[in-house]
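These notes concern the structure reproduced below.
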Amino acid sequence: MKKDKSKIIFIAATSEEIAPFRKKFSKLSQYDYLVVGVGIIEATRIFAERVKEFSSKELFIFVGSSGAYSKKDNILDTYIGSRVKLQIPPNSYLPKVISSEYLLYAPKNLGLKKKTIYNPIAITKNNGIKNLGVENLEAFALAHIANENNLKFSVITTITNHVGPNAHNEWKANNKKAAKLTADLCYELRVFLR
């Protein structure tokens, strides 16, 4: 059943990441929330099952955390995604009938720097990758489903860690702070999120 009014749907991988949004936006009816699970497979499955519940007029904003490839990106820096790319392993390719990149909707006047979001199949352990932007495990899957359904889709992401051997510990230490920071920022910028 499609919803009548156009809304902004905040999407996150985990309940912990979406909780600050539910709290911050609780008194505003034009927002909804969707938890899609961790990784490309869960995100694809859950978003594909749920996407028909919403109208094509709605804006879907993925608000997940990211790992930075470059030490120039600071932990808790927030970016808007300009594009999302599937990270293809070396010596591999996809058939030309499958897209490996999508442009993202980037609302104007947010004052956020743009980044390319890379989506590996698993967390990257090698911190020797340079100048790739940031990585997130769900963004590509969500962009793919949104594209297939002609939906407006955006990514606002906050860095929780640097890619490398200490990534998981950094992510655990910063994920709650990043989710709250992203929710606070989205709340401040809510009039521009259309």
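Let me know the shape class of the range 42-119, please: from the alpha-carbon gyration tensor, a ≥ b ≥ c as square roots of the eigenvalues, rounded when a/c is under 1.5, otherwise prolate if a/b is greater than b/c, or oblate.
oblate
With each pseudo-label sitting 7 Å past Cα toward Cβ, what's the Ser6-Ser92 distance in nm, one decimal?
Here the modelled spin labels are 3.9 nm apart.
Towards the positive end of the charge dipole of the chain, with charges on Cβ (+1 Lys, Arg; -1 Asp, Glu), say which of Ala143, Asn109, Leu185 has the farthest Cα.
Farthest along the dipole direction, towards plus: Asn109.
Using a 1.4 Å probe, what is the accessible area per residue for the chain, in Å²?
Roughly 53 Å² per residue, with all protein chains present.
Which whole-number percent is the relative contact order of the chain (Cα, under 8 Å, 6+ apart)?
30
Please work out how much length the chain gains when fully extended from Glu148 to Ser29, using 0.36 nm per residue of separation minus the C-alpha to C-alpha distance, in nm with one decimal.
Once the chain is fully extended between Glu148 and Ser29, it gains 40.1 nm.
Summarise the accessible area of the chain (1.4 Å probe, protein heavy atoms) by the percent that is carbon and sulfur.
Answer for the chain: carbon and sulfur cover 53 percent of the accessible area.
Skipping prolines and chain starts, which residues have an amide H placed within reach, meaning under 5 Å, of the one on Ile9, given they are 5 or more residues away or on another chain?
So Ile9 has HN proximity to Asp32, Leu59, Phe60, Ile61.
Roughly how big is the chain's charge dipole about its Cα centre, with Cβ charges of +1 (Lys, Arg) and -1 (Asp, Glu), in debye to the nearest 20?
It comes to approximately 480 debye.
Tell me which label goes with the value of mean projected area of the Cα convex hull in nm² computed from the coordinates here: (1) 11.3; (2) 22.5; (3) 10.7.
(3)
Can you tell me the length gained on complete extension of the stretch Tyr187 to Glu53, counting 0.36 nm per residue apart and subtracting the Cα distance?
Working it through step by step, the gained length comes to 45.8 nm.
The values are calculated or read from the model by the stated rules, or taken from the named source; none is laboratory data. These figures come from a predicted structure and were not determined experimentally. No Cβ is skipped: glycine too gets one built from the backbone with ideal geometry, and neighbour counts run over all protein chains shown. Surface areas here come from the heavy atoms of the whole protein model, side chains and all, with no ligands, DNA or RNA. Shrake-Rupley method; radii C 1.70, N 1.55, O 1.52, S 1.80 Å.
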